[in-house]
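Chemist: Here it is: the structure, laid out below.
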Amino acid sequence: MAIIINKPYIEKLQNGKVRLCSKIEGSINDVLYYEVDEKYEQYLCDDRVDAFLTGLLNYAMYAKEDICCKGDITGDLLFQLRVYYIPILAQNNKDLHNISISGTEAYAPIENANGVCTGNSGGVDSLYTILKYKKTVFLAIRLLLKVVAVMFNFFSLLLSPNHLIHNSCI
């Protein structure tokens with residue numbers, strides 16, 4: 001069985017929030033989303049499935065399920081996942097397995113608000129990323145927003161399949 005990630009879309013809520021959503025099919029049949037204040041809507045990317053692919057990847061590796069993306073995937077991300085991330089994790093963690101990811105690779109630059117947003121798990125790598133890019137001279141990668149990533153992990157998803165991805169900008 002494969003997990004299908006459909007093309008993301010933006011949903012506006014009545015409470016001043018917006019969601020970047022994707023309908024997920026397969027062993028998970030639900031709409032997963034990232035929720036932010038309306039003022040951050042311009043930073044949401046509904047052109048690529050990257051946010052949902054990375055959010056579901058560890059679960060898929062644990063469940064031995066391939067991923068089929070029905071939207072574009074950033075080509076560089078797909079390369080890094082296929083060549084490095086998945087094989088290294090599968091080789092060094094007996095609970096994670098090699099899986100395949102299919103979808104259309106996209107290399108065109110994404111229009112943005114002259115900055116990027118990054119997740120923050122609270123770990124050393126996340127804090128390093130924030131500190132490194134907060135004041136970079138490179139406009140294209142200047143960190144404008146910090147996101148507190150309250151991402152589900154694959155264990156919580158296994159325990160409660162109705163968990164949703166929920167992030168809020170600070």
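The numbers here are math on the coordinates, done by the rules we state, and not lab data. If you're wondering where the values come from, they're calculated on a predicted model, not measured in any experiment. Methodologically, a virtual Cβ is constructed for each residue, glycine included, from the backbone with ideal geometry; neighbour enumeration extends over all protein chains shown.
Chemist: How many nm separate the modelled label positions at Val83 and Gln14, each set 7 Å beyond the Cα in the direction of the Cβ?
Modeler: A separation of 5.0 nm, rounded to one decimal place.
Chemist: With Cβ to Cβ distances under 15 Å as the rule, what net charge do the other residues near Leu20 carry (K, R +1; D, E -1)?
Modeler: -3
Chemist: Along the charge dipole of the range 1-117, which of Thr54, Ile99, Gln42 sits closest to the positive end, that is, farthest toward it, with unit charges on the beta carbon of Lys, Arg, Asp and Glu (+1, +1, -1, -1)?
Modeler: Towards the positive end, the residue furthest out is Ile99.
Chemist: A follow-up question, please. What FRET efficiency would be calculated for the residue pair Asn92, Asp47, taking the C-beta separation as r and a Förster radius of 25 Å, to the nearest 0.05?
Modeler: E between Asn92 and Asp47, to the nearest 0.05, is 0.15.
Chemist: For the range 1-104, what class follows from the C-alpha gyration tensor (a ≥ b ≥ c being the square roots of its eigenvalues): rounded when a/c is under 1.5, otherwise prolate if a/b is larger than b/c, else oblate?
Modeler: prolate
Chemist: Sticking with the crude label model, points 7 Å out along Cα→Cβ, report the distance from Ala108 to Asp76 in nm, one decimal please.
Modeler: The two pseudo-label positions are separated by 1.8 nm.
Chemist: Net charge near Ile101: determine it from the other residues with C-beta under 9 Å of the C-beta of Ile101, scoring Lys and Arg +1 and Asp and Glu -1.
Modeler: In short, 0.
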